Amino acid sequence: MTFSVLSPKQKIIFKWCYNSDKTAIICDGAVRSGKTVCMITSFILWAMKCFNGGIFGICGKTVRSVERNIISPLMDIADINAYFKVNYLRSRNLLTVENCGVKNSFYIFGGRDESSYMLIQGITLSGVLFDEVALMPRSFVEQAITRTLSVENAKLWFNCNPDNQFHWFYNEWIKKADEKNALHLHFLMSDNPILTKKQLENAERQFTGVFHDRYIKGLWISAEGVIYKDFADNTERYILDKFPDDIIQCNIGFDFGGNGSAHAGICTGFSKRLQKVIILEEFYLKEIVSPARLESEIINFVRKCQSRFPVFDGYFDSAETTLIKGLKTAFAKERMSFNIHNARKSPITDRISFTNLIMSQGRFFIMKNCRHVIEAFRSAVWDSKSPCDKRLDDGNYNIDSLDAFEYSIEPMINDLIES
Ligand SMILES: Nc1ncnc2c1ncn2[C@@H]1O[C@H](COP(=O)(O)OP(=O)(O)OP(=O)(O)O)[C@@H](O)[C@H]1O
Ligand SMILES: [Mg+2]
């Protein structure tokens, strides 16, 4: 890609580091508004102009997400590759940039990767770019900032999409930008000069509820009210009464109950080219039962699902290690071909925003007979008193079926987004 045109805010990103005494820049706001691509380009131009032999940090949620969102696109930016020799050594998570005897090193760190946390502790950095800073643990960000304190003229670059209004980055950096000597720029999608009106409209349709307020309007706002608003208002659009005939793969997700919560299982099917996600069967048991009874109920459920659909993998609540162990033995005894995995349990907002996305794309359905999970989706609400995004779980809501559904789709999320 080339920067044939820059929006006014993007121009500011390119200029601030040379002619201002500010030590940091913060770009927050809407998705796809052109923050990352300009920040990484100007970060490298600045490093190459002001340092030789310098060591820098490029931080993202994980090392892999930096490779995907920053390093790969960077290799494609003509304005960088025309002037510099850029090389990425994956085994060392190291990007080097060279030109006429000037060479700088950029190490990649993932805020959520434990190994990155250890590595960053010993290093001195002349500048750090934090991509998606709101998704990194505060301790990691603060550690990385500390690594720059001994370098004169070191600068910090932050970008993110908004989160809850109680988020530490909003309160400590955005609200206190002046105090921190940081330049703050707030982006809307219209600040990306290459997006057409149609692309803007399409992007808008991808988000509903609080995600629309945050990712489209760029607001730092807490999550309140009904979580799956369109599902609650137009439930019939999501319900199927005949099993689809193009299911190519299924997963089962399972959340173990206890303390008043139910044992819930969901069998989710994926259609050809992963176009549709359909909840096909559900398991729901809200009683106290012995482990042996639970095992046999689960075996019956899996058997029922396998008699209709290609389902060979189950993702189970990883907190319950003894129950999982018992189940593995029970399935082996029955000689059933069914692989038991620990559920990934990724952050709740990631799971919810993904479900909202497939709902708004018209790719999500539930079989009519799965009444517990239908009711769970209709009634789920945000916990407005929580300082971070959380579903209200006061015993009156069926969170268990939702967890089980999410465990069943988590391993497929990247493939489903790309399909
Ligand atoms: N001035 C520009 N010229 C050409 N392409 C651009 C320009 N600005 C942005 N883009 C392109 O627009 C897309 C979105 O930009 P970018 O990824 O930087 O947005 P972002 O604000 O970081 O989004 P998100 O918040 O979703 O991470 C990218 O494909 C990028 O290459
Ligand atoms: Mg970005």
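Computed from the coordinates by the stated procedures, all read-outs in this text should not be read as laboratory data. Because the structure is a prediction, the values reported are computed rather than measured. All Cβ positions, glycine included, derive from the backbone under ideal geometry; neighbour counts span all protein chains shown.
Take the Cα of ASP350, step 7 Å along the line toward its Cβ, and report every residue of the stretch 40-69 whose backbone nitrogen sits under 15 Å from that point.
Flagged as within label range: 60-69.
What spacing in nm lies between the two simple spin-label points modelled at ASN52 and ASP394, each 7 Å away from Cα in the Cβ direction?
6.6 nm
May I ask for the net charge around MET48, where only other residues with Cβ less than 15 Å from the Cβ of MET48 are counted and Lys, Arg are +1 while Asp, Glu are -1?
The answer is +2.
Can you pull out the GluC sites (Glu not before Pro) in the stretch 149-194 whose DSSP state is coil and whose Cβ has at most 10 other Cβ atoms within 10 Å?
In loop regions of the stretch 149-194 (DSSP not H, G, I, E or B), the sparsely surrounded GluC sites (Glu not before Pro) are GLU152, GLU179.
How much length is gained on full extension from LYS85 to GLN121, taking 0.36 nm per residue of separation minus their Cα-Cα distance?
Result for the pair: 10.1 nm of gain on full extension.
Evaluate the stretch 8-215: find the radius of gyration of its Cα atoms, find its Kirkwood radius, and give the ratio Rg to Rh.
0.95
For the chain, what does the equivalent ellipsoid look like in terms of its semi-axes, each the square root of 5 times an eigenvalue of the Cα gyration tensor, given largest first in whole Å?
Output for the chain: semi-axes of 44, 23, 21 Å.
Check the chain for me: any Cys whose beta-carbon has no other cysteine beta-carbon within less than 4.7 Å?
CYS17, CYS27, CYS38, CYS50, CYS59, CYS100, CYS160, CYS250, CYS370, CYS388
So, counting K/R as plus one and D/E as minus one, what does the shell of residues with Cβ under 13 Å around MET1 add up to?
Taking every other residue near MET1 into account, the sum is -2.
Please work out whether the stretch 171-267 counts as rounded, prolate or oblate from its C-alpha gyration tensor, where a ≥ b ≥ c are the square roots of the eigenvalues and a/c under 1.5 means rounded, while otherwise a/b larger than b/c means prolate and anything else oblate?
oblate
Does the stretch 229-418 come out rounded, prolate or oblate, given a ≥ b ≥ c as the square roots of the eigenvalues of its C-alpha gyration tensor, rounded meaning a/c under 1.5 and, failing that, prolate meaning a/b above b/c?
In terms of gyration-tensor shape, oblate.
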